[in-house]
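Taking it in order: structure first as structure tokens, then the write-up.
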Amino acid sequence: MALKNWALRKSLWVYHVNTGACNNCDIEVLELLTPKYDIERFGMILVGTPRHADVLAVTGACTRQAQPRLQEVYRQTPKPCVVMAIGSCAGAQGIFAESYHMGAGVDTAIKAVDPDAIIVYVPGCPPKPEAMIAAAVKAMELIKTL
Amino acid sequence: MNAFGIIGIYIAAAAGTLAIGLYLRWFDRKVTAMVQWRKGPPWYQPVADVLKLFYKETLMPATARGTGFLIAPAIGLAASALVAAMLWSAVLTPETGFVGDLIVVVYLLLIPPLMTILGASASGSPHAAIGASREMKLILSYELPFFLAMLVAVIRTDWTLQLGPIASAGVVPLYSISGVIAMIIAILAMQAKLGQVPFDTAEAECEIMSGVYVEYSGVPLAIIYLGRAMMLAVMPLLLITVFWGGLEPTGWGIPAFIGKYLLLVVLVTLIRNTNPRLRIDQIMRFFWFGVAPLGIAAVVLAYLGKAWAIKWL
Ligand code: SF4
């Protein structure tokens, strides 16, 4: 089990899902790859398909259109996996809460598929890359409890 | 040698090559990070990646043909393991082997990409289907120049078709005009065989979501990872054996061998980091109308050099 935890913690592959973000959070996610932050130090890389992913980096307020797709992406991700709700939008729909085009919200949508899903929130509009790295570290701690 | 001895050597060579391949994967990523002025992953990263994939869930798409989808990566890995065993035995004990093992190696090297195509087609995903068709065209483009490059080495070593004698023939094919051209062609073909940028159209992760590998997860993905690490270790070894004199059993032989090995891997990494991805039609045009005529010219030069006994041609 120790080996399993170690391997899961040291190699988090991230898939980026945009559920209707204003693109600012997405730019901050890409910032993580730049020389200044370089998340590959922790073994994290961005991958192109949810089937390879361990972390779903969800940005955006989860619109009605995006909600079923987000749920499908979560179903297609091999478990164990962590959902990172990045930004105020993904956390609690931010300034768009109660708009006519909103879905249920990222955490509610994911919990509807899997009640035991691990969700980490990264507040901010947009959050700083440092905050995302801190969230990734917390996600690693959570994986330990699996 | 009895059967158990042969199987033991096979397993030892495969495991050793796997370890070297995983190390080279890290080396490749570290050099990439250094090129981009980053710190890069820690040395155990490939091991952690593979272990993690073994602990992950394996998902099967509803549209997939289960057996073909799951077994294809394993066959690819087995083929590259066999190549690794044959190459190491040719490098370490040149007198063993059989006539024509160069041809067998070249054919065995075709199996991993073929298995990639098979697995991608069996997954029933449209992204994977596009990736598979691109991979097929990629094989068609680089295979002919690759054969021509090998032919140059065969001609320059007096029509030797056996890996061990080619490596220890005394004539190093690289130290001649035709040899240099053949080496350049072989490096380009190696880049395409390893599926590295600029020839990674089959798995372009931003346009077709990792293409041929899009549906793989968990254990099969780990096997694909291992297979690719194995290929990264095998291809430079083949090039050194055929073109660059293999492993000389002298005092400086081993450091020189390691230096050549790392030089080729660094070359792969640098080409990968300094080029954009090509479209598949550009790749075909490049290999057929650019590289293949060059290969024919190299073969003619090598033949003339042999006929007129000119060493440097
Ligand atoms: S949290 Fe702010 S920056 Fe991020 S998507 Fe929402 S509005 Fe844009």
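Brief remarks on what is shown
- Neighbour count of at most 16 Cβ within 10 Å plus DSSP loop: longest chymotrypsin sites (Phe, Trp or Tyr not before Pro)-free window in chain B: B:176-251
- Partner aspartates and glutamates whose Cα lies under 12 Å from the Cα of residue A:10, excluding those fewer than 8 positions away in the same chain, are identified as A:40, A:54, A:141, B:49.
- Interface size B-A, as summed buried accessible area [1.4 Å probe, Å², nearest 100]: 2500 Å²
- Cα-projected label distance for residue B:4 with residue B:289, points at 7 Å along beta-carbon direction, nm: 6.1 nm
- Accessible surface of the range B:1-59, 1.4 Å probe, proportion on carbon and sulfur as whole %: 76 percent
- At least 20 Å² of accessible area lost relative to the chain alone, listed for the range B:55-82 with a 1.4 Å probe: B:55, B:56, B:57, B:59
- Partners for residue B:260 among lysines (Cα-Cα distance below 21 Å; same-chain residues under 8 apart left out): B:30, B:193
- Residues whose amide H lies under 5 Å from that of residue A:120, counting only those 5 or more places away or on a different chain, are A:83, A:84, A:85; hydrogens are built 1.01 Å from N in the peptide plane.
- Of the GluC sites (Glu not before Pro) found in the range A:30-119, the ones in coil according to DSSP and having at most 15 other Cβ atoms within 10 Å of their Cβ are A:98.
- The range B:160-313 - percent of accessible surface contributed by carbon and sulfur, probe 1.4 Å: 72 percent
- Residues in the range A:14-50 occluded by at least 30 Å² - accessible area, probe radius 1.4 Å, against chain by itself: A:35, A:38, A:40, A:41, A:48, A:49
- Protein-protein interface of the range A:68-113, residues with accessible area decrease of at least 50 Å², isolated chain reference, 1.4 Å probe: A:78
- For the range B:3-307: accessible area per residue (Å², 1.4 Å): 41 Å²
- Once exposed loop trypsin sites (Lys or Arg not before Pro) are cut out (DSSP; at most 13 other Cβ, 10 Å), longest piece of chain A: A:65-146
- Zone of residue A:76's modelled label, taken as backbone nitrogen in the range B:43-80 under 15 Å from a point 7 Å along Cα→Cβ: B:59-64
- Centre-to-centre, using Cα atoms only, the range A:42-116 and the range B:29-53 are separated by 27 Å.
- On the basis of the beta-carbon distance and an R0 of 35 Å, residue B:300 and residue B:254 show a calculated FRET efficiency of 0.45.
- Contact order for chain A, expressed relative to its length and based on alpha carbon pairs under 8 Å spaced 6+ residues apart, stands at 26 percent.
- Per residue accessible area in Å² of the range A:1-110, where ligands, DNA and RNA are left out and the probe is 1.4 Å: 41 Å²
- Counted residue by residue at 0.36 nm each, then reduced by the alpha carbon distance between them, the extension gain from residue B:161 to residue B:309 reaches 51.3 nm.
- In degrees, nearest ten, helix B:218-243 long axis to first principal axis of chain B (Cα): 10 degrees
- Residue range of chain B that is longest and free of GluC sites (Glu not before Pro) which are both DSSP loop and sparsely packed (at most 14 other C-beta within 10 Å): B:96-206
- Relative contact order (%) - criterion: Cα under 8 Å, at least six apart; region: chain B: 27 percent
- Of the chymotrypsin sites (Phe, Trp or Tyr not before Pro) in the range A:71-131, those whose Cβ has at most 12 other Cβ within 10 Å and which sit in DSSP loop: A:100
- Percent carbon-and-sulfur accessible area, the range A:2-144, ignoring ligands, DNA and RNA, probe 1.4 Å: 58 percent
- For residue A:102, the amide hydrogen comes within under 5 Å of the amide hydrogens of A:64, counting only partners 5 or more places away or on other chains and with H modelled in the peptide plane.
- Among B:313, B:254, B:291 the positive-end extreme of the charge dipole of the range B:171-313 (Cβ point charges): B:313
- Approximate spin-label separation residue B:177-residue B:106, in nm, with each point projected 7 Å along Cα-to-Cβ: 2.3 nm
- For the pair residue B:44 and residue A:97, label points projected 7 Å from Cα toward Cβ lie 4.3 nm apart.
The values are calculated or read from the model by the stated rules, or taken from the named source; none is laboratory data. Computed from a predicted structure; not experimentally measured. Virtual Cβ from ideal backbone geometry, glycine too; neighbours counted across all protein chains shown. Each accessible area value is taken on the protein alone, full model and side chains, heavy atoms only, with ligands, DNA and RNA left out. Shrake-Rupley method; radii C 1.70, N 1.55, O 1.52, S 1.80 Å.
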